[in-house]
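J.: Got a structure for you, written out below as structure tokens; questions coming shortly.
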Amino acid sequence: MHSKDGFEIEPRDFPTNKGQICIKGLNAGRLINHPERLNTPLIRPRKDKALRKSSWEEALRFTAKSLSKIRSRWGNDSLFVYGSGSLSNEKAYLLGKFSRVVLGTSSIDYNGRYCMSSASKALEMALGIDRGLPFPIDSIAKTDLLLLVGANPLETMPPLKSHLDELKKKGKKIIVVDPRTTPTAQYADEHLQIKPGSDYILAAGLLWLLFRKNKIDWSFIENYTTGFEEVLNSISSFWPSRVEALTGISQDRLHKTADLFETHPHAIILTGRGCEQQAHGVDNVLSFINLSLALGLIGKPNCGFGTLTGQGNGQGAREMGLKSNQLPGCRSNADPNDRKFIAALWQRDEKELPRPGITVTEALGNLGKQDSVKAMIVFGANPLISSPNHSRLKALFSSLEFLAVCDPFLSETAAVADVVLPSALWVEETATVTNLEGRVLLRPQLLSPPPQVKTDLEIIRLLAEQFGFTEGFPSDPQAVFEEIRRATAGAFADYYGITYQRLARGEELFWPCPSLESNGQKELFLSKRFPTETGKARFHPIFFNPLAEEPDEEYPFFLTTGRTFYHYQTAVQTRRIEKLKEKEPTPIVEISTAVGQRLGIKTGQYVKVETRRGSGYFKAKLTEQGRIDTLFIPFYPSESAAANTLTLSAYDPRSYMPSFKLCAARIQAADDLQQNQSINGKEKIG
């Protein structure tokens, strides 16, 4: 519906959202005719010049010429392609194909590296397959006990509340594990306000207790899992008094939580970014999978383990081949059979198909070095702001010889690019996306893009043509999806039985869906068979690990970051929606009231937050129920502050997930001069 402020968005009743929509989605229509929307290509022919308008022909020619020159000098892998969980299945697939076939580079990744990578890695290691929820989302309302670890869906995924409400109406229990007293924690029946970084210790402690009480499912463990004895050995030192000392959760509450699992045999455990965006995020997730397996929850109706996907198509984008080590259908880029299958489909020799390359964490961490990437193409992401240790990264971004960004708006990354290509919004193109439960959805085009704006598929096709590839890169989304069906046939994430026609008819289709007669698998493990070498789920031992950076006398607080109700990620779009900006005009720092009183800080006052990487000025928000050792700052930036100016570059060695959720910080009230500087933008982060 059209209005004076743009286009009105109305929610529809659907199994996943039950007629609800978050405020960000509700206001997304205000971006369609936004005055800051990009409506023509921009180029910077020389590094010392400003961006200027150009034609599509000039911009594409300049892009291809620059990439070809860099590739000739430095090799194929010097070109890095960076995608996004906001891209549709079709765009993610074609971008992965473009990277490997046209550019011949192994250097490809997507911003899910900063979001879902720890959960993905843990799921692959333990269960053999990476699907956020191996059961339909309505199972949440049918279980007896829900444990949410590092997740705050009432702010970050509001439509999930309808399922939580239904659960509570039945008198069932919700437990939240989180250092912060979030709206979700306040809503829950129990809040375990753990010390930041101690998630895996809590899980190990609960498993230790349940084992001692003999409340684990021995039949399930013996018949359907491997590795339990090693886990028992690894958790032998996580007795209640030690877990209390390490997590801050009293022994009494540990026993009561273990008793809840004992008295509620149907339970679901869900993890979120809070426990995953850490330098030991994979261990955090594995520890809760261990708990789920030991209780025999996985493969039982209305029970199990899952992770809450963080982006609109975070699930589908990685399945389509945007991860550095993954080909379409969750095929492995290191597996000879998978490589031969995809190479044949793409009409390439298998030897020409690039092997697994570096992650974006490694690529950006190596900037400025002799063998670092020299050029980047970014689709729908803002890595300059979303990556850790922003000050270092900003200084090194200029070492890139070429940067191209495709985006509807001029993000901070686009503002320093050599080429900016304006792309269509979601409402201006037909596409499919895959949600966290593996359900594939068709999103039809409702509007036409502005005259000089192109869809990402059109941009990829035009770039491919610049390199002489006149076939194999269609801009018609249905044609791309037909190729996706063939590319994923027989793979873990099998889309072969899914078609536009079936989706348009409203059929409920989940992957894997191997035939046109199938509706796919809503629940993956009811047969208790797992796609591992042995057909069994795998326990993984968990050992104590020191944090990448601990608070000390100089920096006495934990700093954690995250999303908020009104803004999403780096807020490139939500900061441009006046209604949302009015509600939350600038990033805050959440501080315990006790700490605020001790330091003379009041709500609304500007304060300086500092780490060993940098500093910023944020408006204080005091909270009565906050941990006295913990500060919280949202991801999105202002001119005077950005959370990732403060975060450190340490990352999980298995998932390459940066430690966004944990570093050491200090805080002080800002004097009048500092406040004026921050408000006037004299100390800018962009």
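J.: Looking at this structure, is residue 107 in contact with a Gly (Cβ under 7 Å, 6 or more places away or on another chain), within 27 Å of residue 350 (Cα to Cα) and at pLDDT 95 or above?
T.: yes
J.: For region 89-135, which residues satisfy the criterion of being under 19 Å from residue 432 (Cβ atoms), aliphatic (A, V, I, L, M) and in contact with a strand residue (DSSP E or B) (Cβ under 8 Å, 6 or more places away or on another chain)?
T.: 92, 95, 116, 133 - these are the residues of region 89-135 that are under 19 Å from residue 432 (Cβ atoms), aliphatic (A, V, I, L, M) and in contact with a strand residue (DSSP E or B) (Cβ under 8 Å, 6 or more places away or on another chain).
J.: Restricted to region 89-111, and to residues that are part of a loop (DSSP other than H, G, I, E, B) and open to solvent by 10 Å² or more (accessible area, probe 1.4 Å), which residue is nearest to residue 471 (Cα to Cα)? Even if it seems obvious, please write down each step before you answer.
T.: First, the residues of region 89-111 that are part of a loop (DSSP other than H, G, I, E, B): 103-107.
Those still in the list that are open to solvent by 10 Å² or more (accessible area, probe 1.4 Å) too: 104, 106.
On the way: 104: 16, 106: 21 Å.
In this case the residue turns out to be 104.
J.: Quick test for you: out of 257, 181, 263, 226, pick the one residue that is closer than 28 Å to residue 622 by Cβ, β-branched (Val, Ile, Thr) and surrounded by fewer than 24 Cβ atoms within 10 Å (Cβ to Cβ).
T.: Working: 257 fails: closer than 28 Å to residue 622 by Cβ; 263 fails: closer than 28 Å to residue 622 by Cβ; 226 fails: closer than 28 Å to residue 622 by Cβ.
Checking each option against the conditions leaves just 181.
J.: Here is a list of conditions, (1) part of a loop (DSSP other than H, G, I, E, B); (2) of a type outside the set (A, V, I, L, M); (3) open to solvent by 30 Å² or more (accessible area, probe 1.4 Å), and residue 530 meets all of them except one; can you say which number that is?
T.: The failed condition is (3).
J.: Also: Which residues, counting only those in region 77-88, are open to solvent by less than 10 Å² (accessible area, probe 1.4 Å), more than 26 Å from residue 438 (Cβ to Cβ) and either at pLDDT below 95 or not hydrophobic (A, V, I, L, M, F, W, C) (or both)?
T.: 78
J.: Is there any pair linking a residue in region 253-267 that is of a type in the set (Asp, Glu) to one that is part of a helix (DSSP H, G or I) and open to solvent by less than 70 Å² (accessible area, probe 1.4 Å), with Cβ under 8 Å and at least six apart or on different chains, and which?
T.: 262/210
J.: Please go through region 76-103 and pick out each residue that is closer than 23 Å to residue 366 by Cβ and charged (D, E, K, R).
T.: 77, 100 - these are the residues of region 76-103 that are closer than 23 Å to residue 366 by Cβ and charged (D, E, K, R).
J.: If I ask for residues that are closer than 19 Å to residue 30 by Cα and touching a Ser or Thr at 6+ places or on another chain (Cβ under 9 Å), which ones from region 423-443 would you list?
T.: 423, 424, 426, 428, 429, 443
J.: Looking for whichever is under 19 Å from residue 314 (Cα atoms), surrounded by 22 or more Cβ atoms within 10 Å (Cβ to Cβ) and either in contact with a strand residue (DSSP E or B) (Cβ under 9 Å, 6 or more places away or on another chain) or not β-branched (Val, Ile, Thr) (or both) here; the options are 413, 434, 430. Which one fits?
T.: Among 413, 434, 430, only 434 is under 19 Å from residue 314 (Cα atoms), surrounded by 22 or more Cβ atoms within 10 Å (Cβ to Cβ) and either in contact with a strand residue (DSSP E or B) (Cβ under 9 Å, 6 or more places away or on another chain) or not β-branched (Val, Ile, Thr) (or both).
J.: A further question on this structure: Applying the selection to region 38-74, what residues are within 23 Å of residue 424 (Cβ to Cβ) and either of a type in the set (Gly, Ala, Ser) or open to solvent by 70 Å² or more (accessible area, probe 1.4 Å) (or both)?
T.: 39, 52, 53, 54, 55, 57, 59, 61, 64 - these are the residues of region 38-74 that are within 23 Å of residue 424 (Cβ to Cβ) and either of a type in the set (Gly, Ala, Ser) or open to solvent by 70 Å² or more (accessible area, probe 1.4 Å) (or both).
J.: Provide a single number: the residues in region 455-464 that are within 26 Å of the chain's Cα centre (by Cα) and open to solvent by 40 Å² or more (accessible area, probe 1.4 Å).
T.: Residues in region 455-464 being within 26 Å of the chain's Cα centre (by Cα) and open to solvent by 40 Å² or more (accessible area, probe 1.4 Å): 1 in total.
J.: Checking residue 666 against (1) more than 16 Å from residue 608 (Cβ to Cβ); (2) touching a Phe, Trp or Tyr at 6+ places or on another chain (Cβ under 8 Å); (3) open to solvent by 20 Å² or more (accessible area, probe 1.4 Å); (4) not hydroxyl-bearing (Ser, Thr, Tyr): exactly one of these is not met. Which one?
T.: Among (1) more than 16 Å from residue 608 (Cβ to Cβ); (2) touching a Phe, Trp or Tyr at 6+ places or on another chain (Cβ under 8 Å); (3) open to solvent by 20 Å² or more (accessible area, probe 1.4 Å); (4) not hydroxyl-bearing (Ser, Thr, Tyr), residue 666 violates only (1).
J.: Might you check whether a residue that is of a type in the set (A, V, I, L, M, F, W, C), at pLDDT 95 or above and part of a loop (DSSP other than H, G, I, E, B) occurs anywhere in region 443-462?
T.: yes
J.: Here's another thing I want to ask about it. What are the pairs, 6+ residues apart or on separate chains, where a residue within region 81-109 that is closer than 24 Å to residue 478 by Cβ has its Cβ under 7 Å from a residue that is charged (D, E, K, R)?
T.: Filtered contacts from region 81-109: 87/456; 91/456; 101/348.
J.: Right, next: Yes or no: residue 398 of a type in the set (Ser, Thr, Tyr) and under 17 Å from residue 35 (Cα atoms)? Break it down stepwise before answering.
T.: Working: of a type in the set (Ser, Thr, Tyr): yes; under 17 Å from residue 35 (Cα atoms): no.
It is false that residue 398 is of a type in the set (Ser, Thr, Tyr) and under 17 Å from residue 35 (Cα atoms).
J.: What single numbered condition from (1) of a type outside the set (S, T, N, Q); (2) out of contact with any Leu (no Cβ under 8 Å at 6 or more places or on another chain); (3) open to solvent by less than 10 Å² (accessible area, probe 1.4 Å) fails to hold for residue 482?
T.: (3)
J.: Name the residues in region 361-398 that are among the hydroxyl-bearing types (Ser, Thr, Tyr), surrounded by fewer than 24 Cβ atoms within 10 Å (Cβ to Cβ) and either modelled with pLDDT under 90 or not in a loop (DSSP other than H, G, I, E, B) (or both), would you?
T.: If the condition is that a residue be among the hydroxyl-bearing types (Ser, Thr, Tyr), surrounded by fewer than 24 Cβ atoms within 10 Å (Cβ to Cβ) and either modelled with pLDDT under 90 or not in a loop (DSSP other than H, G, I, E, B) (or both), then 361, 391, 398 are the ones that fit.
J.: Would you mind finding the one in 497, 520 that is open to solvent by less than 70 Å² (accessible area, probe 1.4 Å) and either on the phi > 0 side of the Ramachandran plot or at pLDDT below 95 (or both)?
T.: 520 is the lone residue from the list that is open to solvent by less than 70 Å² (accessible area, probe 1.4 Å) and either on the phi > 0 side of the Ramachandran plot or at pLDDT below 95 (or both).
J.: Condition first: in a helix (DSSP H, G or I) and β-branched (Val, Ile, Thr). Can you find one or more residues in region 31-47 that meet it?
T.: No; the residues of region 31-47 include none that is in a helix (DSSP H, G or I) and β-branched (Val, Ile, Thr).
J.: Which residue out of 66, 86 is not charged (D, E, K, R) and not in a loop (DSSP other than H, G, I, E, B)?
T.: Exactly one of 66, 86 is not charged (D, E, K, R) and not in a loop (DSSP other than H, G, I, E, B), namely 66.
J.: If you scan region 544-565, which residues turn out to be more than 19 Å from residue 591 (Cα to Cα) and touching a residue at least 40 places away in the same chain (Cβ under 8 Å)? Talk me through it step by step, then tell me what you get.
T.: To start, the set of residues in region 544-565 that are more than 19 Å from residue 591 (Cα to Cα) comprises 544-549.
Within region 544-565, 544, 545, 547, 548, 549 meet the criteria.
J.: Are there any pairs, at least 6 apart or on different chains, whose C-beta atoms fall under 7 Å, with the first in region 120-131 and on the phi < 0 side of the Ramachandran plot and open to solvent by 10 Å² or more (accessible area, probe 1.4 Å) and the second at pLDDT 95 or above and part of a helix (DSSP H, G or I), and if so, which?
T.: 121/282; 125/286; 129/123
J.: Among all residue pairs at least 6 apart or on different chains, which show Cβ distances below 6 Å where the first residue, located in region 222-235, is farther than 19 Å from residue 200 by Cβ and the second is at pLDDT below 95 and small (Gly, Ala, Ser)?
T.: none
J.: Same structure again: Would you check if residue 508 is exposed (fewer than 15 other Cβ atoms within 10 Å of the Cβ) and farther than 30 Å from residue 235 by Cβ?
T.: Working: exposed (fewer than 15 other Cβ atoms within 10 Å of the Cβ): yes; farther than 30 Å from residue 235 by Cβ: yes.
Against the criterion (exposed (fewer than 15 other Cβ atoms within 10 Å of the Cβ) and farther than 30 Å from residue 235 by Cβ), residue 508 qualifies.
J.: Residue 114 passes all but one of (1) buried (at least 24 other Cβ atoms within 10 Å of the Cβ); (2) more than 14 Å from the chain's Cα centre (by Cα); which number fails?
T.: Answer for residue 114: the failing condition is (2).
J.: How many of the residues in region 48-63 are under 15 Å from residue 462 (Cβ atoms) and either assigned to a loop (DSSP other than H, G, I, E, B) or among the hydrophobic types (A, V, I, L, M, F, W, C) (or both)? Give the steps one after another, and end with the answer.
T.: At the first step, the residues of region 48-63 found to be under 15 Å from residue 462 (Cβ atoms) are 54-63.
With either assigned to a loop (DSSP other than H, G, I, E, B) or among the hydrophobic types (A, V, I, L, M, F, W, C) (or both) added as a condition, the list becomes 54-56, 59-60, 62.
Number of matching residues: 6.
J.: Another one. Quick check, is residue 498 of a type in the set (A, V, I, L, M), under 17 Å from residue 318 (Cα atoms) and in contact with a Gly (Cβ under 9 Å, 6 or more places away or on another chain)? Lay out the reasoning, then the answer.
T.: Details: of a type in the set (A, V, I, L, M): yes; under 17 Å from residue 318 (Cα atoms): no; in contact with a Gly (Cβ under 9 Å, 6 or more places away or on another chain): yes.
Criteria not met by residue 498.
J.: Being open to solvent by less than 20 Å² (accessible area, probe 1.4 Å) and in a helix (DSSP H, G or I) is the filter here; which residues of region 326-360 pass it?
T.: Selection gives 339, 342, 343, 360.
J.: Taking the condition part of a loop (DSSP other than H, G, I, E, B) and at pLDDT below 95, does residue 132 pass?
T.: So residue 132 passes the test.
The values are calculated or read from the model by the stated rules, or taken from the named source; none is laboratory data. Only a predicted model underlies this, so the values are computations on that prediction, with no experimental measurement involved. Reconstructed Cβ throughout: ideal geometry from the backbone, glycine too, with neighbour counts over all protein chains shown. SASA here: full protein model, heavy atoms, side chains in, ligands and nucleic acids out. Shrake-Rupley method; radii C 1.70, N 1.55, O 1.52, S 1.80 Å.
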